[in-house]
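Bear in mind these aren't lab numbers, they're just calculated from the coordinates by the rules spelled out. Everything quoted here is computed from the prediction, not taken from an experiment. Glycine also receives a Cβ, built like all others from the backbone with ideal geometry; neighbour counts cover every protein chain displayed.
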Amino acid sequence: MAIGDFHLHSTASDGVKSPAWVMETAATNGVQFLALTDHDTTESYAEAKAAAGRLGLRLIAGIELSTDYGEADVHLLGFGIDPQSARLQEYLTWLRNSRIGRAERIVRILAELGAPIEARRVFEIAGEASVGRPHIARALMERGHVASVQEAFDRFLGSGGPADVPREKMLPEQAIDEVHRAGGVVFVAHAIFIGDGYPAVVGKFAEAGLDGIETYYKHYSPEQVAALRALGEQLGLAFSGGSDYHGLGNPDDREIGNIPFEDQRVEEFLQFLDSKGINTARVSR
């Protein structure tokens with residue numbers, strides 16, 4: 001198990017466990033340094049910070065944002081942001097509101113496809129979280145239309161699927177600028193998911209001010225890690241790692257900390273954050 005995990009989700013977005021539970025389980029698994037990176041929201045930070053303080057963990061304020069680059073859907077991780085940034089919060093509110101409209105459109109399409117669910121139930125499942133496709137997938141499971149979240153994505157909700165509805169996103173340059181203005185640094189998440197052309201895409205993002213690349217990702221092979229390190233070194237990028245934990249039970253899921261992120265590489269990442277003025281000291285108890 002790694003001592004650092006910087007890509008985690010909670011019930012504040014599309015994870016199934018509370019921010020406190022994520023912190024507690026991370027500590028049990030031996031993780032000492034971490035970031036909660038919920039989609040389009042920092043609502044989990046206060047609860048996570050309190051739990052991290054109680055457990056003596058080093059918690060970095062984080063977020064995950066989606067951007068469009070041509071046909072590619074590119075996710076960006078922000079680390080060390082100011083969760084109280086008024087400018088950032090204004091934009092995140094707009095993004096979350098757009099997610100509501102998207103969810104309602106997907107529900108209407110699913111009804112036309114013979115898999116009816118209630119939008120009300122989707123929002124109940126999401127609770128206070130930023131509603132997303134995993135919440136819709138869980139509603140589909142409840143109604144017996146699918147047997148798993150993965151099947152919901154494979155049949156209906158995945159990219160290019162019959163109920164795939166594009167969501168409002170920002171351009172990469174805008175996302176990078178917003179995170180920098182909020183005091184953070186920006187890493188591209190799971191770059192290999194972009195497709196075979198990911199090196200060129202990451203290169204363009206680097207030109208726009210990208211700070212790093214997620215290199216030590218849950219199931220990456222040694223060959224994939226080596227390729228990402230070579231790309232990052234070529235572009236002058238730093239390296240992060242994360243399990244992308246959601247708790248959804250998908251086949252490729254990994255437990256918190258179960259990633260190929262060696263202690264030395266974790267320390268290098270923390271040193272990079274320190275060099276950018278991002279405090280990585282332990283949260284006060």
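Would you kindly state how much longer the chain becomes between ARG120 and GLU207 on full extension, computed as 0.36 nm times their sequence separation minus their alpha carbon distance, in nm to one decimal? Display every interim value, and only then the final one.
On the way: separation 87, 0.36 × 87 = 31.32 nm, distance 4.30 nm.
Stretched out fully, the ARG120 to GLU207 stretch lengthens by 27.0 nm.
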Of all GluC sites (Glu not before Pro) in segment 1-100, which ones are in loop regions per DSSP and have a Cβ with at most 13 other Cβ atoms within 10 Å?
GLU71
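Would you work out the charge dipole size for segment 96-147 about its Cα centre, treating the Cβ of every Lys and Arg as +1 and the Cβ of every Asp and Glu as -1, and quote it to the nearest 20 debye?
160 debye
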Under 5 Å between amide hydrogens, which residues at least 5 positions from PHE6 or on another chain qualify, with H placed 1.01 Å from N in the peptide plane?
ALA35, GLY241, GLY242, SER243
Which one, GLY144, SER98, ALA126, is farthest towards the positive end of the dipole of segment 92-157 when Lys and Arg carry +1 and Asp and Glu -1 on their Cβ?
SER98
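Using the count of nearby Cβ atoms within 10 Å as a rough guide to exposure, how do LEU8, LEU88, LEU140 rank from fewest to most? The partial results should precede the final answer.
Working: LEU8 30, LEU88 22, LEU140 26.
Neighbour counts put them in this order, fewest first: LEU88, LEU140, LEU8.
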Kindly write out, for segment 250-261 in residue order, the coupling ³J(HN,Hα) from the Karplus curve 6.51 cos²θ - 1.76 cosθ + 1.60 (θ = phi - 60°), rounded to whole Hz, with x marking Gly and Pro.
6, x, 9, 5, 10, 6, 4, x, 8, 9, x, 10
Can you give the charge dipole size of the chain about its Cα centre, rounded to the nearest 20 debye, using +1 on the beta carbon of Lys and Arg and -1 on the beta carbon of Asp and Glu?
680 debye
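What are the semi-axes of the equivalent ellipsoid of segment 92-157, taken as the square roots of 5 times the eigenvalues of the Cα gyration tensor, listed largest first and rounded to whole Å?
On the way: eigenvalues 75, 28, 21 Å².
Semi-axis lengths for segment 92-157 are 19, 12, 10 Å.
Counting Lys and Arg as +1 and Asp and Glu as -1, each charge on the Cβ, what is the dipole of segment 132-285 about the Cα centre in debye, to the nearest 20?
Approximately 460 debye in magnitude.
Report the convex hull volume per residue for the chain, counting only C-alpha atoms, in Å³. Working shown, then result.
Details: hull volume 33.4 nm³, N = 285.
Normalising the Cα hull of the chain by residue number yields 117 Å³.
Relative contact order for the chain using alpha-carbon pairs under 8 Å, separation at least 6, rounded to a whole percent?
Values: 556 pairs, mean separation 72.0, N = 285.
Once normalised by length, the contact order is 25 percent.
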